[in-house]
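Here the structure is laid out as structure tokens; the discussion comes afterwards.
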């Protein structure tokens, strides 16, 4: 697990823990620590302890850090946390604004905005329906949900900066943002209607035309943002609002308009990725491009992240499931990075090959293999809707072959083959000795040398077995060793087969056909293994380096 994945998982567990107690639950710290990998327990305890201390301090403003630490050490004797590790004490104003322990309650009036009701909650903020009493209009007012932490304030300000120059019907307009009465908030246009995620849950099937229209409209809005240097980076159905426009649409058009919201993770193209490192790790993994999970990132293909997310949304609209799923966050992240999406035709019969091609082009692992822009994606979807040939080329035979070769199972298969050969060849050698002794077969070799040859074969196979085991663990160095051993074996059996060297010829002097069959079989096996390792080392450099 790399550093990015670790930090992302810790952040997400802490956010979920905070959401649980803000919803009125009483989460148990020990239960939540076990949600992470055992190797993360120490780091997770430190981060969760900060969140838990925040919860306890809200319930008891007089709670001292020393008292909390003493209780913590009783439950977790192995902890080495000190007072300096606990930085989560809430402010007095936060406590005053929380009449219900652990749950933030906003004042009825924030500046000119009068709070009416809650609209929804996200990982970083609560959105309220409010009335602008000066301009007499309803707005969606987003404020922090947990003590107005610095990172939440930064995200709200970032969203305001990102959307300030965007003016498109497919993007929710931001009216103003800033700190009002000590509360950092952002006011945007209120969109009456559900979001795309809620709408999806109520659907049993979605026509391919409707799915294409939705993603086309989203792509056009994202293209507008990209043209002005803004990359969203957290596109998902929950961030797409549906506004009823049936009263103004003509026949054949969508009865609702899609509006993209929540640019809190947006990045300006000229902004370096490492300046927003922490934000990258708090997106929604199912819709995040594989390059966002990598340790090193480049700005060169930043917009391709949104194209990938649009592909995931299109896949979900067509199949009512995501292309990559798993029982844990880490499984989802691993699948996104290393697995190929299942063909849409497996989930939906008769789906258009052109539309599937569009979808799969968006989901390519390599950003350069996707559409060069969201505008190109929108244009191809328009071609599909008009019944015209799409610009994206369907994957050829070589592309399908490469997809199969780069699957992570190939590494497992190469490792297993090494182990099977490493164990199987000595067993075969011992079986030959047993047959020679039992049947008193005549071989042109000294009988007393046969056990020595068998022992030598066994010793030679030990490195092959170990290289196979390490290959299963993704160790690139031992993959090279396995390749080297396989090449030696291949040469050793191929030379006698083709009569280049007389080595081992005495073993089969009386049985020439047996010699040809045995050496042919061994040559084929070792040739396959050499090919496997060569392909793995060429096409799986990142997997192979992660041992």
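Taking 0.36 nm per residue of sequence separation and subtracting the Cα-Cα distance, how much length would be gained by fully extending the chain between residue 84 and residue 331, in nm to one decimal?
Values: separation 247, 0.36 × 247 = 88.92 nm, distance 3.41 nm.
Taking 0.36 nm per residue and subtracting the Cα distance, the gain is 85.5 nm.
Just want the ordering: 383, 346, 56, from fewest to most Cβ atoms lying within 10 Å of their own Cβ.
Numbers: 383 16, 346 9, 56 19.
Fewest-to-most ranking of 383, 346, 56: 346, 383, 56.
How many nm is it between the label spots at residue 116 and residue 514, if each spot is 7 Å from the Cα in line with the beta carbon?
9.2
I need the calculated FRET efficiency for the pair residue 50 and residue 179, taking r as the beta carbon distance and R₀ as 22 Å, to the nearest 0.05.
Calculated transfer efficiency: 0.40.
Modelled label-to-label distance, residue 385 and residue 135, 7 Å Cα→beta-carbon offset: nm?
Once both label points are built, they end up 2.9 nm from each other.
Rounded to the nearest 0.05, what FRET efficiency do residue 157 and residue 25 have when you use their Cβ-Cβ distance and R0 = 30 Å?
Efficiency, rounded to the nearest 0.05: 0.50.
By counting other Cβ atoms within 10 Å of each Cβ, how are 262, 306, 60 ranked from fewest to most? If you can, show how the numbers build up before the last one.
Details: 262 26, 306 29, 60 13.
Lowest count first: 60, 262, 306.
Taking the Cα-to-Cβ direction at residue 320 and at residue 535 and moving 7 Å from each Cα, how far apart do the two end points lie in nm?
3.7
Express in nm, to one decimal, how much length is gained between residue 16 and residue 372 on full extension, taking 0.36 nm for each residue of separation and deducting their alpha carbon distance.
Length difference between fully extended and current span is 124.6 nm.
Contour minus end-to-end for residue 63 and residue 43, with contour as 0.36 nm per residue of separation and end-to-end as the Cα-Cα distance?
Stretched fully, the residue 63-residue 43 segment lengthens by 4.9 nm.
All of the numbers you see were taken from the coordinates with simple rules; none came from a lab. Computed from a predicted model, the values in this text were never measured in an experiment. Note that each Cβ is placed from the backbone with ideal geometry, even for glycine, and that neighbours are counted across all protein chains shown.
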